[in-house]
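Structure, as structure tokens:
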Amino acid sequence: MTLIDFRTDPSRYRHWSLAVEGARATLTLDVQEDAGLFEGYELKLNSYDLGVDIELADAIQRLRFEHPEVAVVVLRSAKDRVFCAGANIRMLGGASHGHKVNFCKFTNETRNTIEEASRDSGQAYLCAVNGTAAGGGYELALAADHILLVDDGSAAVSLPEVPLLAVLPGTGGLTRLVDKRKVRRDLADVFSTTEEGVRGKRAVDWRLVDEIASNSTFEAAIAKRADALAEGRTRPAAGSGIDLPTLERSIEDERIAYDCLTAEIDPRLGVAEIVIHGPKAPPPADFDAMVSAATRFWPLALARALDDLLLHLRFNRPEIGCLVLKSEGEATGVAAYDAFLQAQAETWLGREILLYWRRVMKRLDMTARSLFALVEPGSCFAGFLAEVLFAADRSYMLLGQFDGDNRPAATLQLSKLNFGAFPMVNGLSRLETRFLGEPESFSAAEGLIGQDLDADAALLAGLVTFAPDDIDWDEEIRLLLEERASFSPDALTGMEANLRFAGPETMESKIFARLTAWQNWIFQRPNAVGEAGALRLYGTGTRPAFDKERT
């Protein structure tokens, strides 16, 4: 199995180029046909696979951290009369079910990051569609704030997955049509079942794009619209960003190690024990010192490590079904960094780090793994780090101390950041979601901010699930993990996804919970992936044979 590595940088891009000029950046797609992540397909017509999207995700991240001066990003194609043909069909047809699902999930997360950059980070996106934008290519455009389509008589936008492939648009296209762009439902139905798509004035009238321009005025229209989108954006006009060097990581046997994070894998139980290491030094004195520290700044270093680990486990170790989340270090040190982040929340770098932590926590929420958190003596779950605890499906906190262990009993500490800084895809904080039926418990938890809560207090406040003593601890954790390993992974994935996201629906939750769930099911149906299925037969000239029963 080829190890998929999510670490890259612009010097290694094969499909995208990034150019920055003042407040404007341009991301240009020029997919190299013979540079697919795997063998067996060619990436023709700017179609993409996971490798193309890994580069895009990296570029979006760098624009936020390395280029704080950028207020607008233009997405465009280097190929004549082709913007993007979407996800590569040969790649999808030959990929395992798990890879197809994880590929769609990652591309969804990347598109959501584009929208977050505009909404919360002051970095607008303009998509300049110079030709065909089909399937995932149009879905990429849909993530932008503004879509400009060339009006040359042939350029069109389309979502042809249903009529051509017997699957759904996999990157939020259907949801963004009706929820974001407010396309009428009947017109969306016509559009989503029309292979050739929609072009020109009709695309504007149906709200599929925002603007059209002729070939001769296309470049001028891009410049004019980019300038308009940049106006009023809250990006710093001066100063430089911070470099994001390649993340250091070692993988030896069943151990994965970063500077502030380690994971030990138990293949027998399918468990990865993840230990977050607290800060080794106090927070910097001020904003300038934080900028100088760059990726050595502990909260940013931790976010990068945890993000990479979650993606590594998702794609490279699908048999690992359970993550046990632990921490070790001084809680006072974590609390000091938490206070520093709160003080820096209005600075561009402080804001970006908090937003990145939000994205990493959402990645954890969306991980199709059982999540258990253990709070033991020596733990440092305080402030923003306690979000890991609240993301877990269950949490266990030791009551008292282990026999022969002179470390003080475990505590946890809440901060203001636990009450709205890191909303889930449902728009609520993890504590709001936890106490959806107990508003009085949520209010009471706010009154505990800053206190060191022992196991009794945390259990009473509803912040942990169980608080065994040292006599029962090892046995309870052993039984928990062995029981989880005995259940169907499919049933657990469905159960956990349904339980984690209580409360209101948002466009983001619909994309993951509704659209992705249906796509997951459709990706296994013979109408799509069977020997006579549309995804298998696409391009062969043979018509698919469908089972006509509706279920």
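The values are calculated or read from the model by the stated rules, or taken from the named source; none is laboratory data. Values in this document were obtained by computation on a predicted structure and should not be read as measured data. With ideal geometry, Cβ positions are generated from the backbone for all residues, glycine too; neighbour counts draw on all protein chains shown. In case anyone asks, the SASA skips ligands and DNA or RNA and just uses the protein heavy atoms, side chains included. Shrake-Rupley method; radii C 1.70, N 1.55, O 1.52, S 1.80 Å.
If you place +1 on the Cβ of every Lys and Arg and -1 on the Cβ of every Asp and Glu, how big does the dipole about the Cα centre of segment 278-398 come out, in debye to the nearest 20?
Here segment 278-398 has a charge dipole of around 400 debye.
On the protein heavy atoms, probe 1.4 angstrom, tell me the percent of accessible surface of the chain carried by carbon and sulfur.
Roughly 50 percent, rounded to a whole number.
Roughly how many debye, to the nearest 20, is the charge dipole of the chain about its Cα centre, given +1 on each Lys and Arg Cβ, -1 on each Asp and Glu Cβ, and no other charges?
Taking the Cα centre of the chain as origin, the dipole is about 2300 debye.
Antiparallel DSSP bridges in the chain: what percent, to the nearest 5? Write down the numbers at each step before the final one.
Values: 22 of 62 bridges.
Counting only bridges with both partners in the chain, antiparallel ones make up about 35 percent.
Using helices alone, I'd like the mean residue ellipticity at 222 nm for the chain: each DSSP H run of four-plus residues gives -39500 (n - 2.57), total over residue count, nearest 500.
Using -39500 (n - 2.57) per qualifying helix, the result is -11500 deg cm²/dmol.
Out of the GluC sites (Glu not before Pro) in segment 139-246, which ones are loop residues according to DSSP with at most 12 other C-beta atoms within 10 Å?
195, 196, 231
Please report how far the C-alpha centroid of segment 227-276 lies from that of segment 32-68, rounded to the nearest whole angstrom.
Computed from Cα coordinates, the inter-centre distance equals 18 Å.
From Cα pairs below 8 angstrom and at least 6 apart in sequence, can you work out the relative contact order of the chain, rounded to a whole percent? The partial results should precede the final answer.
Details: 1027 pairs, mean separation 67.1, N = 551.
Computed value for the chain: 12 percent relative contact order.
Using protein chains only and a probe of 1.4 angstrom, how many square angstrom of residue 41 are accessible, to the nearest 10?
So the heavy atoms of residue 41 present about 30 Å² to solvent.
List, in order, the whole-Hz ³J(HN,Hα) value for each residue of segment 115-122 obtained from phi through the Karplus relation with A = 6.51, B = -1.76, C = 1.60 and θ = phi - 60°; use x for Gly and Pro.
Values per residue, Gly and Pro as x: 5, 5, 4, 6, 6, 10, 10, x Hz.
With a cap of 11 neighbouring Cβ atoms within 10 Å, and only residues DSSP puts in a loop, list the chymotrypsin sites (Phe, Trp or Tyr not before Pro) found in segment 283-380.
none
Rolling a 1.4 angstrom probe over the protein heavy atoms, how many square angstrom per residue are accessible across the chain?
42 Å²
Hand me the chymotrypsin sites (Phe, Trp or Tyr not before Pro) from segment 432-522 located in a DSSP loop with no more than 13 other Cβ atoms within 10 Å, in residue order please.
Filter output for segment 432-522: 487.
Shape verdict for segment 409-520, please, from the Cα gyration tensor: rounded (a/c under 1.5), prolate (a/b greater than b/c) or oblate.
Numbers: a/c = 2.87, a/b = 1.16, b/c = 2.48.
Judged from the Cα gyration tensor, segment 409-520 comes out oblate (a/c at least 1.5, b/c at or above a/b).
Could you point to the residue in 443, 102, 323 farthest towards the positive end of the chain's charge dipole, with +1 and -1 charges on the Cβ of Lys/Arg and Asp/Glu respectively?
It is 102.
Would you please classify the overall shape of segment 148-208 from the alpha carbon gyration tensor, given that a ≥ b ≥ c denote the square roots of the eigenvalues, rounded means a/c under 1.5, and beyond that prolate means a/b larger than b/c while oblate covers the rest?
Here segment 148-208 falls in the oblate category.
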